[in-house]
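The values are calculated or read from the model by the stated rules, or taken from the named source; none is laboratory data. All of these numbers come straight from a predicted model, not from anything done at the bench. Counting neighbours? That spans all protein chains shown, and the Cβs are built from the backbone with ideal geometry, glycine included. The accessibility values were calculated without ligands, DNA or RNA, using every heavy atom of the protein model including side chains. Shrake-Rupley method; radii C 1.70, N 1.55, O 1.52, S 1.80 Å.
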Amino acid sequence: MFEGLHRYLFLQGLAPHGYCLLWDPALIWTHVLADAVIAAAYFSIPIALWLFIRCRRDIEMSWILALFAAFILACGTTHVLSILVLWVPAYGLEGAVKALTALVSIGTAIALWPMLPKLVALPSPRQLQLALDQLKAEVAERERAEEMLRQSHKLQAVGQLSAGIAHDFNNLLTVISGNLERALRVSAEQPQVTRSLTNALAASERAATLTGQLLAFARKQPLSREEVDLNAVVRSITAMLERTMGEHIVVSCDLAPDLPLLELDRSQLESAILNIALNARDAMDGALDHRGELHLSTRALAGGEVALALRDTGCGMAPDTLERATEPFFTTKPVGSGTGLGLSQVYGFVTQTGGRLEFDSTPGTGTVVRLLFAGQNIGNAGEDAKDNDGTVADC
């Protein structure tokens, strides 16, 4: 049996393949070199696939790669035998290896075609990168939402404490103010006593204003809601802002026509504008260029929102300061120069109204504070804000 197999593989009395090439050295070595290079490349591919499978054991279809490796290895062996038969007539062995290669190739093809839909469905590196970028964005958004929630809880806790203190303090101030007014009526003929009592009454009134700020921050301040024309409020407060800001700061405004009316507390809105303007004035006093500008603008946004933006050319805020801008009692001013309740009062008022407060600030370029309110479907305001040609009017 073994003798017959040996005769089939090697001893058939046939001439080697080199005889067909007339033993021409150029032809012989062309075939040898070409087949040797092809065989070396074929043999290297299964090694690379084996290393890949070993390093990536998580690949579910590693068996198809192993089948490919066997097929490529068989193809490389046929090229080695092509070199051998140039001198040895081992045509039977060459045929047996080709038959084995055919079987492996058929098995690989049969296994590959059903796997084609899964292979096509595999995400590309670009798709994986996009998915990774989207996941990173979602994680960042979630972290931002969690940070906002923690900040909201902190502000809520401080707000509850502030509201309780403000209510009790306001009750005490009511008693103090009442007794001071009574004492003023009694001491009308004593100027020195009257002056002292007047100063004390003024201080109690300022303290009452402070409790109002605390209640506004805590969103416990009762609001007197009414239909308000935002452009009219801005125009009415502009003159006071010009006097308050000083000669070195220019106050300008850009009012959009046909704004919907807002339902909110007008006095609280004016107080919010004034608080933001005072912060802007201090920021511009601290800037290198003492010539500043406060610009007020109104716009109607998509979704029925109305925006009031106040932009200054001050020193701006660093990111860590910007994150704490609405915290109660937080201030970057020197001791005795501010209570730290201005922006927290604005935040409380806007939030209680159902609106939003946004900041856009960069150190050295100024700050933009936006108050966004929900417009009411009760008609348009600001018709008188148009010029004769229908364009947007200044203040």
Selection count where residues are under 51 Å from the mean Cα position of the chain (by Cα), surrounded by fewer than 19 Cβ atoms within 10 Å (Cβ to Cβ) and among the β-branched types (Val, Ile, Thr), scope segment 63-90: 1
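Would you say ASP58 is of a type outside the set (A, V, I, L, M, F, W, C) and not in a helix (DSSP H, G or I)? Reasoning before the result, please.
Working: of a type outside the set (A, V, I, L, M, F, W, C): yes; not in a helix (DSSP H, G or I): yes.
When the stated conditions are applied, ASP58 passes them.
Yes/no per residue for (1) at pLDDT below 85; (2) under 21 Å from ILE237 (Cβ atoms):
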| position | (1), (2) |
| --- | --- |
| LEU343 | yes, yes |
| SER361 | no, no |
| THR365 | no, no |
| GLY379 | yes, no |
Residue list for segment 233-259, filter: open to solvent by less than 30 Å² (accessible area, probe 1.4 Å) and under 14 Å from VAL306 (Cα atoms): VAL233, VAL234, LEU255, ALA256, LEU259
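Quick check: is even one residue across segment 291-300 among the polar types (S, T, N, Q), at pLDDT 85 or above, open to solvent by less than 10 Å² (accessible area, probe 1.4 Å) and touching a Ser or Thr at 6+ places or on another chain (Cβ under 9 Å)?
No, segment 291-300 contains no residue that is among the polar types (S, T, N, Q), at pLDDT 85 or above, open to solvent by less than 10 Å² (accessible area, probe 1.4 Å) and touching a Ser or Thr at 6+ places or on another chain (Cβ under 9 Å).
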Subset of segment 112-127 (residues that are surrounded by 10 or more Cβ atoms within 10 Å (Cβ to Cβ) and under 35 Å from the mean Cα position of the chain (by Cα)): LYS118, LEU119, PRO123, GLN127
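Say whether the condition of being closer than 23 Å to GLY366 by Cβ, in contact with a helix residue (DSSP H, G or I) (Cβ under 9 Å, 6 or more places away or on another chain), at pLDDT 90 or above and of a type in the set (Gly, Ala, Ser) is met by at least one residue in segment 255-268. Lay out the reasoning, then the answer.
Within segment 255-268, the subset closer than 23 Å to GLY366 by Cβ is 255-256.
Going one step further and asking which of them are in contact with a helix residue (DSSP H, G or I) (Cβ under 9 Å, 6 or more places away or on another chain), we end up with 255-256.
Okay, now just the ones that are also at pLDDT 90 or above, so 255-256.
Now restrict to residues that are of a type in the set (Gly, Ala, Ser): 256.
Yes, that holds for at least one residue.
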Listing of strands (runs of 3 or more DSSP E) fully contained in segment 239-300 that carry 2 or more residues being in contact (Cβ under 8 Å) with a residue 24 or more places away in the chain, more than 27 Å from SER224 (Cβ to Cβ) and not hydrophobic (A, V, I, L, M, F, W, C): 249-254, 292-300
